[in-house]
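**Q** Below: one structure in structure tokens.
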């Protein structure tokens, strides 16, 4: 009888231990599960925050980017062509066109002046010309003179007109062959009385070197 009581007590204790162990493990599991859920939630929040940051970085503070006509390689200067694009706006379409035409030609002229100045400076520095300053001035004067002249080889390569309400917007693109412009410069240098023979010889060498590059 005593033995049975002891046995029953042992079984109760064993089951109590098993229950407590399972309960503790279950609590631990639930705790871990809760922690995992918290971590998962935090990761989701961080991921969403990252998407918002990336989206914000991609969006310009100036608004949506608008692609205008005459963009891309076809309308950019290269080894053979100088190219310029102009834009004009007005309530009158002819004025908008005149503005675009002038803007395109000014851009083209600016490119020519900048390029030719760089070319002349580099050549004069390499050759250590004694009259470098005078030659550079005469060369730039020649460039301005040429760009202020109606060159036959100047070609319009595009024109588009838009109307938004009462406003006209016109885009115009021009190009000129570098070799045609350089030959015209060389021709002008030969007849310019302000250029001395020594200066003319140097200018022609600069032009000849650039002509060779356009034919490579």
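**Q** Between residue 191 and residue 118, what FRET efficiency comes out of the Förster formula 1/(1 + (r/R0)^6) with R0 = 35 Å and r the beta carbon distance, rounded to 0.05?
**A** About 0.85, to the nearest 0.05.
**Q** Now a separate question. Quote the FRET efficiency, to the nearest 0.05, computed for residue 67 versus residue 140 with a Förster distance R0 of 41 Å and r equal to the Cβ-Cβ distance.
**A** On the way: r = 35 Å, r/R0 = 0.87.
Efficiency, rounded to the nearest 0.05: 0.70.
**Q** Evaluate E = 1/(1 + (r/R0)^6) for residue 201 and residue 92, where r is the Cβ-Cβ distance and R0 equals 41 Å; express this FRET efficiency to the nearest 0.05. Before the final figure, lay out the partial values.
**A** Details: r = 50 Å, r/R0 = 1.23.
With R0 = 41 Å, the Cβ-Cβ based efficiency is 0.25.
**Q** Provide 66, 135 in ascending order of the number of other Cβ atoms located within 10 Å of each residue's Cβ, fewest first.
**A** On the way: 66 5, 135 24.
Result, fewest neighbours first: 66, 135.
**Q** Moving to a separate point now. Going by average Cβ neighbours within 10 Å, how do the peptides 160-173, 184-197 rank, with the highest at the top?
**A** In descending order of packing, they fall as 160-173, 184-197.
Taken together, the values in this text are just the output of simple stated rules run on the coordinates, not laboratory data. Source: prediction; values computed, not measured. Glycine gets a Cβ as well: all are built from the backbone with ideal geometry, and neighbour counts include every protein chain shown.
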